[in-house]
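One structure below.
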C-alpha cells in the first residue's frame with residue numbers, strides 16, 4: 001500500500017488543494033480548515049449552502065489562505081463568499097478543534113472508492129491510500145496506519161451527510177448519491193482517523209497497517225453545529 005493523495009481544505013466547505021507532501025499533527029493536516037464561513041446564526045457549510053463548493057481554497061506561498069486566488073480577508077474574496085453564501089456570509093479565521101465535524105483526519109482507499117463509483121472528491125478525504133483491495137478499509141477501525149513519520153489511529157467508519165450529494169464542480173445536488181451510500185453501506189463510508197504521532201508524509205510513501213494500541217483521541221468537533229462527544233467505542 002502507498003499514499004496516493006494528500007488533500008487540505010484551507011476553508012471549511014470550499015474546494016481543497018491536492019498536496020505533494022504535508023505535515024500531520026494532533027490538529028490534522030497543517031493548515032486544514034483554519035477559515036470557515038459564518039452567517040448570522042453560526043457556521044455555514046455546503047449542507048445548506050452548496051454553492052460554497054464552487055469556490056476554491058488554496059494556500060499562498062507565504063502560507064496565507066486564498067479564496068479563488070484572493071486573500072481570504074480581502075474584498076474580492078468577501079464578494080465571492082457573499083455571492084454563494086448570502087449577503088450576511090463572511091469568512092472567519094478560527095483554529096479550534098470544533099471546526100471539524102468529528103475527527104480531524106479523513107482517510108479513504110482506492111479499492112473502496114472504486115466500489116463506490118462516485119467522484120471521490122465528494123467525500124472530502126484528507127488522505128487516499130492506494131493498493132487496498134475492495135472494501136478492506138471497512139475492517140480497519142481499531143487498527144493503526146504508519147505513513148512516513150506519522151502514526152494514525154483509525155476510530156470508525158465515517159457517517160456521511162448531504163455534502164456528498166453536491167457535485168464538486170458544478171455545485172448541483174444529486175440526492176441519489178447519499179441514498180446509494182445508505183443503501184449499500186448503511187450511510188458510512190471512508191474512515192474517521194486521528195494523528196497519534198505527528199510526522200511529515202509524502203505522496204508515494206509506503207503505508208503499513210498494524211495492530212498497535214493507541215490512546216483514544218480527545219473529544220471534540222461538531223455535527224450540524226451541535227456539540228459532539230466521541231463514542232466510547
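The values are calculated or read from the model by the stated rules, or taken from the named source; none is laboratory data. The model shown is predicted, which means the values in this text are computed figures rather than measured ones. Note that we place each Cβ from the backbone using ideal geometry, even for glycine, and neighbour counts take in every protein chain shown.
The lone criterion from (1) touching a residue at least 24 places away in the same chain (Cβ under 8 Å); (2) in contact with a strand residue (DSSP E or B) (Cβ under 8 Å, 6 or more places away or on another chain); (3) surrounded by fewer than 19 Cβ atoms within 10 Å (Cβ to Cβ) left unmet by residue 42 is number (2). Filtered by the rule that a residue be more than 14 Å from the chain's Cα centre (by Cα) and crowded, with 19+ Cβ neighbours inside 10 Å, segment 149-170 gives 150, 151, 152, 153, 154, 155, 165, 166.
Considering 177, 201, 132, the condition of being part of a strand (DSSP E or B) and modelled with pLDDT of 95 or more is satisfied by 201 alone. Comparison of 77, 57, 91, 22 shows that the only residue that is crowded, with 20+ Cβ neighbours inside 10 Å, at negative phi, in the same structural domain as residue 111 (by TED's automatic domain parsing) and in contact with a strand residue (DSSP E or B) (Cβ under 9 Å, 6 or more places away or on another chain) is 22. Of all residues in segment 47-72, those that are over 9 Å from residue 14 (Cβ atoms) have Cβ atoms under 7 Å from Cβ atoms of residues that are modelled with pLDDT under 90 and surrounded by 15 or more Cβ atoms within 10 Å (Cβ to Cβ), 6 or more apart or on another chain, in 50/171; 51/171. Restricting segment 176-219 to residues that are touching a helix residue (DSSP H, G or I) at 6+ places or on another chain (Cβ under 7 Å) and over 11 Å from residue 154 (Cα atoms), the residue that is surrounded by the most Cβ atoms within 10 Å (Cβ to Cβ) is 189.
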